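Q: Following this message is one structure expressed as structure tokens.
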Amino acid sequence: MLQVHSEEGTITFMNSHNIARILFPLFAVLCFLPQVSSAVALIAGMALALTLGNPYQERTKAWTSQLLSIAVVGLGAGMNLITVSQVGVRGIGYTVVGITFGLLLGTLMGRFFKVEKNTSTLITVGTTICGGSAIAAVAPVIRARPPEVTVALGTVFLLNALALFIFPHIGHYFNLNETQFGLWSALAIHDTSSVVGASLQYGPHALEVGTTVKLARALWIVPIALGIGLLYKNQGQEAGEAKAKRPWFILGFLIMAGIMTWIPTLQPVGHGIEWVAKRLLVLTLFLIGANLTRATVQSVGIKPFVMGVALWVIMATTSLGAILENWIR
């Protein structure tokens, strides 16, 4: 405690450690409010950690990985495998080409900008597939450290926020119809929530197309996470490192989606589970931000952010050009 003596008496102030012990649990609870977005949660965690310090560092580190896995499983409750697979089959050609191109380009750009391997991988899958959800799924598989996850998520969320403002203007500039804009949003914007936000501004059909295509694309989390897990496992064994964690949550994601698809009476329950999962993901992002330290910030540098921006710009302009040329429709 800090005490200040005056003529009126002694005034006692709480020190930063005690303030942090109160504010961290309070903000964690606030993460379950719908008004608190993923970006706000991440920024709040980072701000508290960098200004006051995290008095629960050991606990938040332990909880982060567990909550990420649980949230990914819960997100499967909002999937309809039949609808999404139908859209996925129609667009499987450009989806495979686009994801393959994005993964290869991201890998090369990570090496070019000399970005740490885990951070580069997370930024690449976040840009190529579906933002925070892909990062959440892949992070435990490659045993990414919280600072690496924070850098990747921070880059993705910032670009998501930017997309919400600039994508509708770009769409109108190029006279995209609603189908084209919904498709472009799904291919070029990282997170499903931002795809919904941008396409909603453009029109109801754009919203329908964008959401459906994005959900179909999100299913690629499963094979990509499994493939990356196997790759890292093999590399780890060759290097004499411990085995990577088994991505059990991917199987849980598929099982949850299958249950909600084939047992329609459970879909109201599924919507509730999906809501809880999304809030858990927001809470997890707060904890990830809370694990950030000043020493980590000083060591990050600008390279990961530059890589993320460059990769996103190339992916967005390439997909837009393909849509304008009617190669993708």
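Q: In whole Hz and in residue order, list the ³J(HN,Hα) couplings for the stretch 219-228 that follow from phi through the Karplus curve 6.51 cos²θ - 1.76 cosθ + 1.60, θ = phi - 60°; x for Gly and Pro.
A: After applying 6.51 cos²θ - 1.76 cosθ + 1.60, I find 4, 6, 4, 4, x, 5, 5, 5, x, 5 Hz.
Q: Can you tell me the relative contact order of the stretch 63-324? Whole percent, Cα pairs under 8 Å, sequence separation 6 or more.
A: 35
Q: Additional query: Local charge sum around V115 (other residues, Cβ-Cβ under 13 Å, Lys/Arg +1, Asp/Glu -1)?
A: +2
Q: Compute a Gaussian network model of the chain, connecting alpha carbons closer than 10 Å, and tell me which residue from R279, R59, R143 fluctuates the most.
A: R59
Q: Would you kindly state the longest site-free stretch of the chain, with sites defined as GluC sites (Glu not before Pro) in a DSSP loop (not H, G, I, E, B) surrounded by at most 12 other Cβ atoms within 10 Å?
A: 9-240
Q: Using Cα atoms only, what is the angle between the long axis of helix 92-112 and the major principal axis of the chain, expressed in degrees (0 to 90) to the nearest 10?
A: Once rounded, the angle reads 40 degrees.
Q: Over the chain, with a Gaussian network built from C-alpha contacts below 10 Å, which listed residue (L280, L266, L30) shows the highest mean-square fluctuation?
A: L266
Laboratory data are not the source of any read-out in this text; all were calculated from the coordinates shown. Treat the numbers as computed from the prediction; the structure is a model and nothing was measured. Backbone-built Cβ (ideal geometry, glycine too); neighbour counts: all protein chains shown.
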